[in-house]
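See below for the structure under consideration.
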């Protein structure tokens, strides 16, 4: 991890660029900002380290908690980019997922009593367990609700759930532990209909309290739609400032579709398809648009 002296977000971004191997465009996607904006932030961070002659050194023990937060963020964002690539013809960048998971395992071995480190690894393992079912034989995107759960890697599910149970015993919830708990609830459901959406909404409520971001609110809205209906969820989505985030438009399109507001749904699918750089996602969104547009 790069030395302190730069702002935390810039430190994470610069680490992703120099050590994580992500492109400036991928990092910009992770932070939901334009690529030129991210390029400027990275350049400023590099210049500050150079001009202030900030040294690279191993942190002291008392510095570890602050530095660990940034390490978690770097590994999480590498995994997130791998889980659903922001560009290209493949849904998943397997190499990024594997490397992030490998490093998270090492970090967990080094810090076995840190709840958030354990939670982060659980998030990755439970996410990886679903990878075989996330695309069809011909490479098309398959949503969670439509996945063949017999394809899920049960060994990874069990390992991830074991880590989540360990986190629960610590009883010091943080954002990665809560995300892991949400993934564990999904992995408990033998079918999509068996999903305990009430518990997931409660977990998202807890997550939003510790990480009150628009993206968390968006994912919470997806769960709310399953409990209180798409109209309530749409009311939440419409308050979020996520115009540049294609997932927000895709979620809004699906909610509008469920409400029978077809023309608006088609428009949202088009916006989402235009904003994503991933070919698999784009083709999925355009198929949804075509399904609504057909007589």
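Of the set (1) surrounded by fewer than 19 Cβ atoms within 10 Å (Cβ to Cβ); (2) closer than 26 Å to residue 259 by Cα, all apply to residue 225 but (1).
Could you say which residue among 144, 168, 121, 203 is farther than 30 Å from residue 286 by Cβ and surrounded by fewer than 17 Cβ atoms within 10 Å (Cβ to Cβ)?
168
Restricting attention to the range 131-146 and to residues that are in a loop (DSSP other than H, G, I, E, B) and touching a residue at least 24 places away in the same chain (Cβ under 8 Å), the residue that is nearest to residue 185 (Cα to Cα) turns out to be 134.
When residue 174 is tested against (1) within 23 Å of residue 26 (Cβ to Cβ); (2) touching a residue at least 24 places away in the same chain (Cβ under 8 Å), just one condition goes unmet, and that condition is (1). Taken as a whole, the condition of being within 15 Å of the chain's Cα centre (by Cα), over 18 Å from residue 222 (Cβ atoms) and in a helix (DSSP H, G or I) does not apply to residue 161.
Conditions (1) touching a helix residue (DSSP H, G or I) at 6+ places or on another chain (Cβ under 7 Å); (2) assigned to a helix (DSSP H, G or I), marked per residue:
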site	(1), (2)
220	yes, yes
232	yes, yes
241	yes, no
253	yes, yes
265	yes, yes
272	yes, yes
283	no, yes
290	no, yes
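Residues satisfying the criterion are absent from the range 76-94 (criterion: more than 19 Å from residue 134 (Cβ to Cβ), surrounded by fewer than 17 Cβ atoms within 10 Å (Cβ to Cβ) and either touching a residue at least 40 places away in the same chain (Cβ under 8 Å) or touching a strand residue (DSSP E or B) at 6+ places or on another chain (Cβ under 9 Å) (or both)).
Residues 118, 69, 108: which one is in a helix (DSSP H, G or I), more than 16 Å from the chain's Cα centre (by Cα) and modelled with pLDDT under 95? Before the answer, list the steps.
Values: 118 fails: modelled with pLDDT under 95; 108 fails: modelled with pLDDT under 95.
Answer to the check: 69.
The values are calculated or read from the model by the stated rules, or taken from the named source; none is laboratory data. Predicted model, so just to flag it, every value in this text is computed and none were measured. Note that each Cβ is placed from the backbone with ideal geometry, even for glycine, and that neighbours are counted across all protein chains shown.
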